[in-house]
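Engineer: Here you go, one structure.
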Amino acid sequence: MDTKILASCKNASFGYDKKAVLSGVNLEIEAGSFVGILGHNGSGKTTFLRTFLGLIPAVRGKFAFGTADGRPPRFGYVPQKERLDPIYPLSVYNVAKMGTCRKFGIFERLRGINRRPLVERCLEDCGVLHLAHRPYSDLSGGQKQRVLIARALAAEPDLLALDEPLAGIDITTQKSILELLKSLKKRRHLTIMLVSHRVQAEKDLFSHILWCDEGAAVMGKSDDMLSFGRAGEVFREEL
Amino acid sequence: MIETITEILKPDFLLHNALCASVLMGVVCPLVGAYFVLRRLVFWGVALPQIAASGISFAFLLQGLGFTLLAGSEAQERHLAIIASALFTFAAIAMLLFMERKGKGAAEGRIGVFYALAWATSILFVSTNATGETEMTSLLRGEIIAISPHDFHIMLMFFALAGLAALVFQKEFLLVSFDRDMAVTLGRKVLAWEVLLYLLIGTAISLGVMTAGPLVTFGLLVVPPMAALPWAGGIMSLSLVAAALGGLSAFVGFYFSYAKDMPLGPVIICAACAALIISAGARKAYMLLARIKA
């Protein structure tokens, strides 16, 4: 059976201010895959993800997207929760509703399209509908993460991209969030990319692994990557 | 007290325009000022009104040097001052944003330099122009009383537009302020929305400074949103509560200024600060009561 390639790049370099953090990157992301972007702190994982999402330009090369019109797929982005300032007086519902902002056309605004059912469904899928009226800034780390996943789902994405979703969260909550991602992937047929500096906790979850280390990035199927050169060494060290 | 309030609310009240201008500023400045507070740009709120005042001072300098392209009548002089004020404000916003994107040096330091330079030039530009010096002194003191019907109508038009845009586009402004990256991944034109937001901020500041001076403008940009923040459950409630508190502070300030014969601008700011203190105290009491009930 042919697998659909959602995105690919050849010999690309990613970094900031024209300085490459990752060079000579070749990869293909299959639709429906669960890609773990792994590596130590400062290895370029987040730089890769931010470039992939179009938040920063590539130093060299670019991504080609396998959509019908060649445009990027719909992204559902879950940033590191610490990036969001708690000064904003937003309820959980307000935060999740932001995911629907793609559709705020002037005519839709005038027609007053009701997005509440969509937002509530996403909150329910993530198990946080009962918190809808609570202030977002009052939530625990795990609850915030679930709300941010619900917000990303409200964008009705083809691809869910998560940046360090398990950082600063206790182990029980980490497990529950990983279970949530597994079940969302199955139910919504999502492609998922997840950045993590913790190799061991999530390695069984991924269908593919993009390993970033020492200015290079190597991608392969999860099983192959476990026995691949430097990546294999690091995996074994951690295991 | 009731007599005085009835008197100042009459349409034929001598200072009717000054009252309306004060309340209008009190309502509209917090609508854009809320984004200063949320984006933690309060120092911008200090520096930009002073930069706008420097622009007005520069207009006086031009007049003193004989550049009367737009100036001539008193109304044209004020048009020149408004244009210079807006140009200085927008140029400063563009420069501060450019430097912020470059990310070199401390942001507070850059704003401090702009503020110091703006203060110095506000004084220097009018140092050879006696009329300008008097006008600037009154502007820095926040004298709204002298506003003419013509100026009031210009202010009403632009402030109404700025206030309306701040309310209509608040979802977009909130999204690009709260999570710029998310906005990009949703395909929103982040730069365009940010430019529009800063245009509104620049317009409110330059017209506000022209009308009431930098002190009142800064105070009304920042203090009412801070007073409203503990009670807000969303950006709409923050905007509406801040606008209501700003308008109320302006009205109360106007009342005391008229009744006790005090300078209007500083009294408005004291009223806004009193609202902030009352709001913070009431919030603490409310939280304490809620805890006792629980």
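Engineer: If amide H atoms are built 1.01 Å from N in the plane of the peptide, which residues on other chains or at least 5 residues away come under 5 Å of the amide H of A:A217?
Structural biologist: Placed amide hydrogens put A:S23 under 5 Å from A:A217.
Engineer: While we're looking at this one, here's another question. Quick one: what are the phi-derived ³J(HN,Hα) couplings along the stretch A:129-137, Karplus 6.51/-1.76/1.60 with θ = phi - 60°, whole Hz, x for glycine and proline?
Structural biologist: With the stated coefficients, the stretch A:129-137 comes to 4, 5, 9, 3, 9, 6, x, 4, 5 Hz.
Engineer: Using θ = phi - 60° and the Karplus form 6.51 cos²θ - 1.76 cosθ + 1.60, what ³J(HN,Hα) does each residue of the stretch A:57-62 get, whole Hz, x for Gly and Pro?
Structural biologist: These are the phi-based 3J(HN,Hα) values: x, 6, 5, 8, x, 7 Hz.
Engineer: Another question, if that's okay. Using r as the Cβ-Cβ distance of B:C273 and B:T4, and R0 as 25 Å, what FRET efficiency do you calculate, to the nearest 0.05?
Structural biologist: 0.65
Engineer: What does the extension gain come out to for B:I83 and B:L289, with contour length at 0.36 nm per residue minus their alpha carbon separation? Walk me through the numbers on the way to the answer.
Structural biologist: Values: separation 206, 0.36 × 206 = 74.16 nm, distance 5.16 nm.
Working it through step by step, the gained length comes to 69.0 nm.
Engineer: Okay, next question. With a bin width of 5 angstrom, please list the P(r) values of the stretch B:2-293 as percents of all Cα-Cα pairs, from the 0 bin to the one holding the largest distance.
Structural biologist: Going out from 0 Å in 5 Å bins, the stretch B:2-293 shows 1, 6, 11, 16, 17, 16, 13, 9, 5, 3, 1, 0, 0, 0, 0 percent.
Engineer: Return the calculated 222 nm mean residue ellipticity for chain B, to the nearest 500 deg cm²/dmol, obtained by summing -39500 (n - 2.57) across DSSP H runs with n ≥ 4 and dividing by the residue count.
Structural biologist: Theoretical 222 nm ellipticity from helices: -28500 deg cm²/dmol.
Engineer: Something else: If all Cα-Cα distances of chain A are sorted into 5 Å bins from 0 onward, what percent lands in each bin, rounded to whole numbers?
Structural biologist: 1, 6, 13, 18, 19, 16, 13, 8, 4, 1, 0, 0
Engineer: Once you place label points 7 Å from the Cα toward the Cβ at B:K260 and B:A280, how far apart are they in nm?
Structural biologist: Between B:K260 and B:A280, the simple spin-label model gives 2.0 nm.
Engineer: Please list, ordered by chain and number, the residues whose modelled amide H lies under 5 Å from the amide H of A:A7; skip anything fewer than 5 residues away on the same chain.
Structural biologist: Counting only residues 5 or more places away or on other chains, the set is A:I29, A:G66.
Engineer: Using Cα atoms only, what is the angle between the long axis of helix A:141-154 and the major principal axis of chain A, expressed in degrees (0 to 90) to the nearest 10?
Structural biologist: Tilt of helix A:141-154: around 80 degrees.
Engineer: Indicate the helices, whole DSSP H runs only, in chain B that combine a mean Kyte-Doolittle hydropathy of 1.6 or more with a Cα extent along their long axis of 24 angstrom or more. Write out the running numbers ahead of the final one.
Structural biologist: Details: long enough: B:16-38 (34 Å, 1.74); B:42-64 (34 Å, 1.40); B:74-102 (42 Å, 0.76); B:107-124 (26 Å, 1.02); B:149-168 (28 Å, 1.57); B:190-228 (30 Å, 1.77); B:235-260 (36 Å, 1.40); B:264-293 (43 Å, 1.40).
Result, helices passing both filters: B:16-38, B:190-228.
Engineer: Continuing with the same structure: Students often get this wrong: which residues of the stretch B:23-63 have the backbone nitrogen under 17 Å from the point 7 angstrom along Cα-to-C-beta of B:T131?
Structural biologist: B:56-63
Engineer: In nm, to one decimal, how far is the A:I5 label point from the A:D138 one, both placed 7 Å along Cα→Cβ?
Structural biologist: Each label point lies 7 Å from its Cα, and together they span 5.1 nm.
Engineer: Next question, about the same structure. With the crude spin-label approximation of a point 7 Å out along Cα→Cβ, what separation in nm comes out for B:S138 versus A:K186?
Structural biologist: 7.7
Engineer: Compute the helix-to-body angle for A:229-238: its Cα long axis versus the longest principal axis of chain A, expressed 0 to 90° and rounded to tens.
Structural biologist: 60
Bear in mind that the values in this text are calculations on the coordinates, not laboratory data. Predicted model, so just to flag it, every value in this text is computed and none were measured. Quick reminder, even Gly has a Cβ in these numbers, built from the backbone with ideal geometry, and neighbours come from all protein chains shown.
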